[in-house]
Structure formats: structure tokens, C-alpha cells
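Novice: Structure in C-alpha cells, see below.
Read-outs throughout are calculated quantities, based only on the coordinates presented, and are distinct from any laboratory measurement. Remember, it's a predicted structure, so these values are computed and weren't measured experimentally. Glycine gets a Cβ as well: all are built from the backbone with ideal geometry, and neighbour counts include every protein chain shown.
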Amino acid sequence: MSITVVLFWFLTALALLSAIMVLLSKNPVHSVLWLIVVFFAISGHYILLNAQFLAIVNLIVYAGAIMVLFLFVIMLMNLNAETEPQKNTWLKLAGAISGGSLLLILVSVIRSATDMTGRTAQVGEGNIGLISNLGKALFSEYVVPFEISSVLFLSAMVGAVVIGKKD
Amino acid sequence: MGSVSLIILTIAAIVFSAGGILVSKIFVKGSKNPRKGQPYECGIPTETSPWKQFHVGYYLFALLFLIFDVEIIFLYPWAVVVKKVGMMALVEISIFLFILFMGFLYAHKEGALKWM
Amino acid sequence: MNAIILSAILGVIMMFSGIWVNNKATLRWIALAGLLVLLISNIAEMYGYRIWNVNVHNMLYFDRFGLLFNSVAIGSTFIFVALSGSDINRVGKYAAEYYTLIFFVLTGITIISVYTSLLMLFLGIEIMSIPLYILTGSDKRNLKSNEASLKYFLMGAFSTGLMLMGITLIYGATGSFSIEVLNNPAIAQGVSFLEITGMLFLLVSMAFKVSAAPFHFWTPDVYDGAPGVFTSFMATVVKAAAFIAFVKLFDARMSYSSAVVDWKMLLCILIIATLLIGNITAVFQQSVKRMLAYSSIAQAGFMLFAVFSMNEMAKEGIIFYAVSYSLATIGVFAVLLKMKDFTFEGYNGLAKSQPVLAFANTVFLLSLAGIPLTAGFFAKYFMLASVIQTGHYLWMVIVAVLFAAVSVYYYFRVIQAMYFKTGEGETENIHPGFKTGLIILTVIIILLGVAPNLIINFLYF
């Protein structure tokens with residue numbers, strides 16, 4: 001077993017375990033902290049796939065900015081044990097069944113996808129995720145979506161002001 | 001190999017930080033006094049949970065920060081390839097930044113960035 | 001490209017005019033002028049005049065179908081702002097921002113009607129949805145509006161997540177974002193299951209965006225809780241745009257994978273469920289606003305026939321349906337917003353107190369129900385005729401006609417209240433310009449009901 005394979009399985013186990021901990025933690029702040037661990041593990045995966053840019057974005061935007069927003073929301077809502085809503089057992093059951101069926105479909109698809117068998121992720125090779133290649137694609141081929149995404153940011157900004165500003 | 005040195009660095013970092021905690025756990029004589037867990041020299045002991053409800057006004061700043069954070073992310077690949085792509089890249093990023101600058105100007109004029 | 005860039009620029013202009021212009025009525029005139037410029041520029045593009053020549057790298061393709069729909073969407077928005085502009089100004093203090101967001105929604109709409117890349121589909125849907133989440137919650141002091149906004153946002157984000165997952169799977173299977181499947185090596189090897197799953201995810205998320213059952217649960221609450229003007233906008237222009245994106249996606253991708261998945265059967269289930277739930281639940285509503293929310297689900301069931309049959313007639317039909325449904329619903333909502341009481345009782349005796357409003361409202365409701373001599377009749381006719389042309393699942397036509405008959409019941413309840421019941425029929429102050437606008441809209445609907453080719457001919461010339 002090479003060191004990349006060991007790292008891959010370690011990061012996978014870490015990501016899955018901490019994702020489960022996000023759900024199981026009673027304290028929402030602990031959930032957020034576990035989520036940060038998930039993001040770090042996934043960033044590790046990105047580095048293994050030679051996608052440094054994605055790894056950096058994942059750390060800066062998700063583990064950095066979005067987690068701050070998550071913490072803000074938790075602080076805004078003032079969650080504690082007393083105000084935690086009691087969920088209906090039927091609702092939990094329905095959620096488990098529908099989520100389980102989705103999992104079943106996805107697993108069966110991956111099993112029956114004949115063109116995918118024997119193909120694994122290209123670990124440590126491939127240069128599509130390198131920043132220079134990504135930048136070249138972004139500023140030549142994908143420039144239209146790039147410019148249009150600025151309109152998306154702008155509308156989000158206007159929305160934030162409309163909703164968030166004190167009257 | 002770049003990744004091996006990265007892994008060695010990671011392991012070294014973990015050993016270095018975890019080692020400090022471990023060593024102090026082993027060698028320091030523990031004191032069981034509950035006062036030790038309290039904030040030191042801060043006057044009155046806390047009565048309720050220190051996790052207070054925040055004012056919703058902070059959230060607007062967090063949101064605006066997030067938007068500009070994502071914008072900055074796009075500047076990184078741009079800076080790497082600007083020489084290769086040439087003049088076009090400069091024009092493209094200028095349009096992008098101009099549109100977002102409009103948003104910033106708007107938020108400023110609207111007074112959204114004023115502290116309450 | 002004219003409309004995409006110009007609507008974004010106009011959005012920025014509206015954004016700043018809110019800072020310098022304090023009079024809300026002026027803002028409305030600026031918005032109307034902007035919409036007119038947008039409409040003219042888009043029609044110019046239909047005739048081949050382009051302001052900007054942008055290399056879009058095959059991510060957008062400006063065909064007649066998409067451009068005609070852009071014109072329809074911009075024109076409907078123009079009528080919407082002209083009729084309900086004063087109600088937009090009443091929602092809250094950010095009138096300029098509401099117009100800004102409407103322009104940004106139009107940017108999204110003009111993208112998703114001409115996309116050929118799944119990336120652009122995602123961006124367009126997001127640019128269209130995010131302003132809508134804001135507009136839904138724009139009545140900040142109203143708890144129902146807040147709840148609707150949050151619900152819409154959470155459900156919408158979830159469905160967008162599914163869409164992204166679908167796009168990822170398709171990209172993984174084919175190695176490209178293009179919706180065109182020509183020259184694709186994946187076809188030579190047979191259709192990949194990953195791609196099929198991706199398409200299924202896209203089907204679910206698009207069905208969510210057009211509020212087809214069983215993905216409709218957000219619709220009544222959101223349409224009911226949002227400020228009435230924005231419900232009108234969401235239920236008409238935006239919903240029609242989502243349908244255009246839906247049709248374009250499945251037009252390009254459905255046929256070649258139909259050997260593996262029976263898409264027709266899936267869509268058949270969606271359509272029947274949508275018609276059933278929309279129509280039957282609408283019968284039991286007490287509030288006209290909520291009834292219209294359910295009726296919009298029922299109308300979505302009819303529009304889904306275009307995705308189902310997917311022939312030339314269906315493409316003509318969906319454009320015509322978009323026009324007739326948007327215009328009629330905008331009219332019904334414009335009248336609804338002038339009422340003091342949104343229940344059926346509130347309409348009692350409206351024919352006595354406001355005969356013009358009552359007459360126009362009657363025509364709009366008849367058009368929604370699909371009565372001949374109104375645009376709605378031909379819209380439904382095109383949809384059903386396209387299904388008959390395909391020659392499959394013909395029994396669905398009979399079911400659809402039955403449900404159309406059910407829909408007559410709840411639309412006529414409003415007409416009955418206006419004409420045959422006694423009451424005050426209290427309204428807000430009615431401006432004479434508003435009445436003129438309603439009359440013009442009525443004339444358009446009747447004109448299209450007599451000569452539907454007025455719109456469809458634009459597809460071919």
C-alpha cells in the first residue's frame with residue numbers, strides 16, 4: 001500500500017466519521033466544528049486528486065466564510081436544550097425511508113454502471129485541477145459563465161441589503 | 001515528491017502541537033479545585049450560558065464578507081494566468097470587478113456598511 | 001445576448017436610481033422605460049441586430065424559440081409592472097430594489113431560454129431564484145412572508161443541490177456540459193447509467209421549479225405568504241421560464257435515452273398527479289389567493305404536456321400557453337390586489353361596484369379555464385393536440401379534459417360571487433389608468449383567442 005492509498009482511506013474514514021458526528025452532536029456549535037473537520041478531510045481529498053485550487057477554495061470559502069455564517073446563525077437563533085424542537089417519530093421514519101431509497105438507487109447505479117467498473121479516481125496525477133490550467137479555462141472558454149456569475153453575486157448583495165438592513 | 005514532504009510536515013505539526021498538550025498532562029500536578037475552570041480575574045462569575053444571542057445586524061456584514069470572499073477567490077487563478085492569456089484576461093477581470101464594485105458602491109450609499 | 005447584458009445593466013441602473021430618486025412613482029416609470037428598451041432590443045435581436053458580439057463558446061444558442069420566449073417574458077413583465085406597479089411600491093420601502101431584483105430575474109430568464117450548456121442552466125436558474133427568495137420575504141414585518149421566504153429558500157436550495165448533483169453525474173458520464181448529445185462518444189458505447197441518474201435528478205429539480213406534484217408542497221405556502229404582487233410575478237413569468245428550460249433540456253436529451261428509461265411514463269405520472277392535486281385541492285380553498293396558487297399547480301400540469309409530447313406542436317404550444325397563462329394570471333392578480341378581502345366573499349357584488357374590473361376579471365378567469373374565444377382555449381388545445389400527435393397515452397387527453405372541467409368549477413365560483421351574489425365588493429381606490437390597462441389586456445386575450453397565429457407566426461418567418 002502506497003502512502004497515497006493510506007492517506008485516501010484515512011481521509012475517507014475521517015470525513016465519514018465526522019459527518020456522522022455532525023448529525024449526532026447534541027450541541028449545534030459542536031456540529032459546526034465537526035463540519036469543519038469534514039471540510040478539511042475533503043480538502044485533503046482534493047489535494048490527493050491534484051486539484052489544489054479546489055482544495056484552497058474549499059478551505060477559504062467553506063471552512064472559513066460559510067462556517068462563520070453557520071456560527072452566526074446559531075448565535076442568532078439562540079439555540080439551547082430547552083428550545084430544541086421535538087421531532088415527530090413518523091417524520092423521522094419517512095425521512096429515513098426516503099433518504100434510504102435515494103441511497104439504494106445511487107448505489108445500484110454505481111454497481112450497474114458498466115463503464116465505471118475498474119476505473120478509479122486518478123490519484124496524484126492529472127493536471128486539470130492545477131490553478132494555471134483552471135485559470136486558462138476560466139478566462140478563455142468559460143468566460144461567459146464567469147462574467148454572468150458576477151450578476152449572481154450582485155443580486156445576492158442587493159438581497160442581503162434588502163433583507164438584512166435595519167429599517 | 002511534493003506530497004511526501006507535505007505529509008511529513010503534517011505529521012510534524014500534529015506531533016508538535018499534540019506533544020505539548022500531552023507533556024503538560026503528564027508532568028503537571030493537577031488540582032481538582034472547580035474554581036480552576038472559571039475565567040480568571042474577570043470580576044463577576046458568569047451566571048447564565050455565555051452563548052448570548054447576537055444582533056441580526058452582524059449577519060449582513062457576514063453575508064457581504066462572504067460575497068467578496070468568493071470574488072477574491074476568482075482573482076487567484078486570474079493572477080496566475082494573466083500573463084499567458086494577455087489583454088483579454090485584464091478586460092474580463094475588469095468587467096467582473098466593476099460589476100461587483102457597483103454592488104459595493106450601492107451597499108455603501110445605502111448605508112448598509114454603517115455600524116448600527 | 002442583447003437582453004441578457006442589457007437586463008443586468010438596467011438592474012444596476014435601477015439599483016442606483018433608488019439612491020438618487022426618492023419618488024416611488026418615478027421609479028416605476030424608470031422601470032417601465034427600462035423594460036420597453038429591453039423588449040425593443042430583444043425584438044431587434046430576433047431580426048438579427050446584435051448590440052454586442054460576444055463569443056459564447058457554444059454555451060448559449062440564440063434560436064427563434066428562445067428569443068421569442070424572451071420577448072414574451074419581457075412583455076409580460078412590462079404589463080405586470082404597468083398594472084401592478086403601484087402595488088410593488090406599497091410592499092415596503094425598498095421599491096427601487098424590488099425593480100432591480102425583477103431585472104435580475106429577467107437576466108436569469110433570458111439565460112435559461114437560450115442555454116445549451118448545463119452550466120448556464122444552473123447559473124440562470126440561480127440568478128432567477130435568488131432574487132425571488134428575497135422578493136418573497138420582502139414584506140419584512142409579516143411573519144407569513146418571512147416563513148414563505150425561508151421555506152422557499154430551503155426547499156429551493158435543496159432542489160438546486162439535486163440539480164448540481166445531476167449535472168455532475170452527467171458530466172462524469174459524458175465529459176461535457178453540453179445538452180446536445182451529437183458527436184458524443186458515450187452514445188457509441190450505449191447510454192451510461194450515471195447519465196440516466198443525472199437526468200433523473202435534473203427531472204426532479206426541474207419538476208420542483210415548475211411546482212409539479214409530488215414536488216409542489218412549497219407552492220401554496222410560498223404563493224400565499226409572499227406579497228401578492230410578487231406571487232403574480234412568480235406564478236407567471238418565472239414559472240413559464242422554468243418550463244422553457246425544462247422543455248429545452250428534455251428536447252435535447254430525452255429521445256436518445258428513451259430505450260433505457262420510459263420517460264413518457266414518468267412524465268405521465270407527474271402530469272396526472274399534478275392535475276389531480278392541483279385541481280382537487282383548489283376546489284376546497286376559501287381564499288382566492290390560495291386558490292390561484294393551487295390553480296397554478298393545475299396549469300403546470302397542462303404545461304407539462306409540452307415536455308411529454310416534445311414535437312413541433314408542443315413547442316409552439318408551450319410558448320402560446322406561456323403567453324395566455326401569464327397574461328390571464330397577471331390580470332387576475334392585478335384585480336385581486338385591489339380587493340380589500342382576498343376570500344371569495346370579498347368578491348361579492350363586484351359587478352355592481354366596479355363593472356369594468358368584474359368584466360375584465362371574468363375574461364381572465366374564462367381564459368384560465370380554457371373557454372373558447374379566449375387565449376386559454378387555444379393554449380389547452382395546442383397542448384392536447386400535441387399529445388394526440390405523438391399517439392401514445394391518449395387516455396391522458398380525456399383525463400386532462402375532465403380536470404379542465406373541474407377547474408371551471410373553482411374559476412366560476414369567483415365569477416358567480418362577482419355577478420350573482422350581493423355584497424359590497426370593496427376595493428381600493430381604482431385609478432382610471434388601471435382600468436384602461438385591464439381593458440387592453442382583455443382585448444389582447446380575446447384577440448389571441450381568435451387568432452393564435454399572431455404569436456406563433458413569430459416562430460417562423
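Novice: Straight-line reach from C:Lys209: which aspartates and glutamates have a Cα under 16 Å away, not including same-chain ones fewer than 8 places off?
Specialist: By straight Cα distance, C:Lys209 reaches C:Glu126, C:Asp221.
Novice: Also, quick follow-up: Among C:Pro214, A:Val6, C:Ala82, flag the residue with its Cα farthest along the positive direction of the charge dipole of the protein assembly as shown, charges on Cβ as +1 for Lys/Arg and -1 for Asp/Glu.
Specialist: Going by the charge dipole, the pick is A:Val6.
Novice: On to the next question. Could you work out [θ]222 nm for the protein assembly as shown from helices alone, using -39500 (n - 2.57) per DSSP H run of at least four and dividing by all its residues? Round to the nearest 500 deg cm²/dmol.
Specialist: -24500 deg cm²/dmol
Novice: Distance from the Cα centre of segment C:431-459 to that of segment C:97-148, in angstrom?
Specialist: 27
Novice: Going by alpha carbons, how many degrees (0 to 90, nearest 10) lie between the helix axis of C:239-253 and the longest principal axis of chain C?
Specialist: That helix lies at roughly 10 degrees to the long axis.
Novice: Which pairs, out of A:Lys136/C:Lys315; A:Lys26/B:Lys25; A:Lys165/C:Lys24, put more than 31 Å between their alpha-carbon atoms?
Specialist: Where the Cα-Cα span goes over 31 Å, the pairs concerned are A:Lys136/C:Lys315.
Novice: Could you state the number of Å between the C-alpha centres of segment B:101-115 and segment C:381-396?
Specialist: Each part's Cα centre sits 54 Å from the other's.
Novice: Which of the helices in chain A meet the span-like rule: DSSP H, Cα axial reach of 18 Å or more, Kyte-Doolittle mean at least 0.0?
Specialist: Result, helices passing both filters: A:3-24, A:28-48, A:89-112, A:143-164.
Novice: What FRET efficiency comes out for B:Lys109 versus C:Asn58 if R0 is 41 angstrom and r is the Cβ-Cβ distance? Round to the nearest 0.05.
Specialist: 0.55
Novice: Between helix C:24-46 and chain C, what is the angle of the helix's C-alpha long axis to the longest principal axis, kept within 0 to 90° and rounded to the nearest 10?
Specialist: Tilt of helix C:24-46: around 40 degrees.
Novice: According to the square roots a ≥ b ≥ c of the eigenvalues of the Cα gyration tensor, what is the shape class of chain A, taking rounded for a/c under 1.5, prolate for a/b larger than b/c otherwise, and oblate for the remainder?
Specialist: oblate
Novice: Please go through segment B:81-116 and write out the trypsin sites (Lys or Arg not before Pro) that DSSP classes as loop and that have at most 13 other C-beta atoms within 10 Å.
Specialist: Answer in residue order: B:Lys114.
Novice: Quick one: which residues, 5 or more positions from C:Ser117 or on another chain, have an amide H under 5 Å from its amide H? H modelled 1.01 Å from N in the peptide plane, none for Pro or chain starts.
Specialist: It is C:Ile179, by chain and number.
Novice: While we're looking at this one, here's another question. Per q in 0.14 Å⁻¹, report the Debye log10 I(q)/I(0) for segment C:30-153, using one uniform scatterer on each alpha carbon and no solvent.
Specialist: Normalising to I(0) and taking log10 leaves -0.68.
Novice: Report, in whole Å, the centroid distance computed from the Cα atoms of segment C:29-75 and segment A:11-29.
Specialist: Taking the Cα centre of each part, segment C:29-75 and segment A:11-29 sit 49 Å apart.
Novice: With contacts defined as alpha carbon pairs under 8 Å and 6 or more residues apart, what's the relative contact order of segment C:346-461 in percent?
Specialist: 46
Novice: According to a simple spin-label model (label point 7 Å from Cα along Cα-to-Cβ), what is the distance in nm between C:Ala273 and A:Leu91?
Specialist: Result for the modelled spin labels: 2.1 nm.
Novice: Let me ask you something else. Which whole-percent values make up P(r) of chain C when all C-alpha to C-alpha distances are grouped in 10 Å steps starting at zero?
Specialist: For chain C, the pair-distance distribution reads 4, 22, 33, 27, 11, 2, 0.
Novice: Okay, moving on. Using a Debye calculation, one point per C-alpha and no hydration shell, please list log10 I(q)/I(0) for segment C:265-461 at q = 0.09, 0.11, 0.17 Å⁻¹ in order.
Specialist: -0.33, -0.49, -1.07
Novice: Something else: Starting from the Cα coordinates of the protein assembly as shown, work out the convex hull volume and express it per residue in Å³.
Specialist: Considering the Cα atoms of the protein assembly as shown, their hull volume per residue is 199 Å³.
Novice: Which of the lysines could a cross-linker bridge to B:Lys32, judged by Cα under 21 Å and excluding same-chain residues fewer than eight apart?
Specialist: The reachable lysines, counting only those whose Cα sits under 21 Å from B:Lys32, number zero.
Novice: Ok, one more. Identify, among C:Val114, C:Ser176, C:Trp263, the residue whose Cα sits farthest towards the positive end of the charge dipole of chain C, taking +1 on the Cβ of Lys and Arg and -1 on the Cβ of Asp and Glu, with the dipole about the Cα centre.
Specialist: The listed residue farthest towards the positive side: C:Val114.
Novice: Taking beta carbons within 10 Å but only from partner chains, what does the mean come to for residues C:128-134?
Specialist: 4
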